[in-house]
Amino acid sequence: MDAAELIKIVSLAGAGLCMGFGAIGPAAGVGLTGAEGARALADRPNMSVQIMRTMLIAMAITSSTGIYSLVIAILLLFGIT
Amino acid sequence: MNVAQIETITFTLPGLPFIFEINPNTLLTTWIVIGALFLSGILIRQISKLIPGKLQTAVEYILVYFIDFCKQSLGEDWKKFFPLVTTLFLFVVVSNCICVIPGVKSPTSDLNTCLGLGLMVFVIVHISAIRHKGLVNYIKGYFRPFFFFFPLNVLGDLGKVISHSFRLFGNMFAGGIIIALIGPIAFKVGGILAIPKAATSPIVILLSVIAQGFYGIFIGIIQAFVFAVLALTYISVARE
């Protein structure tokens, strides 16, 4: 096994690990945000637009770390060849 | 299998050190989406009456929903950004949903489209912030709450572009990959269990149709809404 082959194997495995572990945190965070948003909606249905907006912003910020891990995984898959 | 899949065209211009690459697939579907939106706009304009029909009610519902959103986020300036946000939503939703037509790849599963939209929103956000607050206040905003927060604020703004465009791209690309994987997985499983013609059995075809509907229409509409609302939110946050 030469070095180029090893790098390829390691980067493929790294991409899978990166996406797998990187999805844990954002998934938990987005779930918590959605749960709290649903609770707030049940409490005050007349403020749905503001609650939805705040919930979406919070979800976007939470899930951005997952998207960074997607970027790294794509770089590992296609950037290193 | 994929009818509209054409190889990318690369070319160089004399005197420039870059290699230009054109993706005809994305280009074609993008123009189809633009044409469809344009034609449906003209059509709905033609058939709109004082007492609305079903189609007109649906369109008016979407527009009024976005008008409410813009009014709550931007206050009096909602008229400036309402057309942009609604156009972003309509363009992204049609480009996401176009992948339910067999053989057509949605233009948003190409990173170039999503990054282009994201960069466009980025430029609009910062120009509108400068015009609203003035250049001095805009630069001061980067040194809040303390002066050493400047690198963090700059990195946060750059990260917004990446997360905004990669969110749309990642969702649509992942949906496309999962739809494309159903056939090969059925073929492999059919080979292991010795079922003849497993990949073309009615269950697998039904499953792939359901997956296409789920990833194309359900996730597509949600992601388009998130994209438009996030653009609106970035604009309104940068102006405060």
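The values are calculated or read from the model by the stated rules, or taken from the named source; none is laboratory data. Only a predicted model underlies this, so the values are computations on that prediction, with no experimental measurement involved. All Cβ positions, even for glycine, are placed from backbone atoms using ideal geometry, and neighbour counts span all protein chains on display. For the accessible areas, the whole protein counts, side chains as well, though only heavy atoms, and no ligand, DNA or RNA atoms are used. Shrake-Rupley method; radii C 1.70, N 1.55, O 1.52, S 1.80 Å.
Residue under question is residue B:68, and the condition is that it be within 14 Å of another protein chain (Cβ to nearest Cβ) and open to solvent by 20 Å² or more (accessible area, probe 1.4 Å); does it hold? Can you show your working first?
Working: within 14 Å of another protein chain (Cβ to nearest Cβ): yes; open to solvent by 20 Å² or more (accessible area, probe 1.4 Å): yes.
In short, yes.
Considering each residue of the range B:47-71, count those that are outside any loop (DSSP other than H, G, I, E, B) and over 14 Å from residue B:228 (Cβ atoms), and give that number.
Narrowing the range B:47-71 to residues outside any loop (DSSP other than H, G, I, E, B): B:47, B:54-71.
From the residues that got through so far, the ones that are over 14 Å from residue B:228 (Cβ atoms) too are B:47, B:54-61, B:64, B:71.
The qualifying residues number 11.
For (1) among the charged types (D, E, K, R); (2) closer than 25 Å to residue A:72 by Cβ, each residue gets a yes or a no:
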{"residue": "B:104", "(1), (2)": "no, no"}
{"residue": "B:114", "(1), (2)": "no, yes"}
{"residue": "B:117", "(1), (2)": "no, yes"}
{"residue": "B:126", "(1), (2)": "no, no"}
{"residue": "B:134", "(1), (2)": "no, no"}
{"residue": "B:143", "(1), (2)": "no, no"}
{"residue": "B:157", "(1), (2)": "yes, yes"}
Q.
Return the pair list, or none, for Cβ contacts closer than 8 Å from residues in the range A:40-54 that are closer than 20 Å to residue B:62 by Cα to residues that are aromatic (Phe, Trp, Tyr) and at pLDDT below 90, at least 6 apart or on different chains.
A. A:49/B:69; A:53/B:69
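Residue by residue, here is whether (1) over 19 Å from residue B:97 (Cα atoms); (2) away from chain A (no Cβ under 13 Å); (3) part of a helix (DSSP H, G or I) holds:
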position	(1), (2), (3)
B:189	yes, yes, yes
B:203	yes, yes, yes
B:213	no, yes, yes
B:217	no, yes, yes
B:220	no, yes, yes
B:224	no, no, yes
B:227	no, no, yes
B:233	yes, no, yes
B:236	yes, no, yes
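Listed here are the residues, each with its yes/no results for (1) assigned to a helix (DSSP H, G or I); (2) surrounded by 18 or more Cβ atoms within 10 Å (Cβ to Cβ).
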{"residue": "B:138", "(1), (2)": "yes, no"}
{"residue": "B:150", "(1), (2)": "yes, no"}
{"residue": "B:160", "(1), (2)": "yes, yes"}
{"residue": "B:167", "(1), (2)": "yes, yes"}
{"residue": "B:171", "(1), (2)": "yes, yes"}
{"residue": "B:181", "(1), (2)": "yes, no"}
{"residue": "B:184", "(1), (2)": "yes, no"}
{"residue": "B:192", "(1), (2)": "yes, no"}
{"residue": "B:196", "(1), (2)": "no, no"}
Q | Of residues in the range A:46-71 being surrounded by fewer than 16 Cβ atoms within 10 Å (Cβ to Cβ) and more than 9 Å from every other protein chain (Cβ to nearest Cβ), the one nearest to residue B:111 (Cα to Cα) | A | A:48
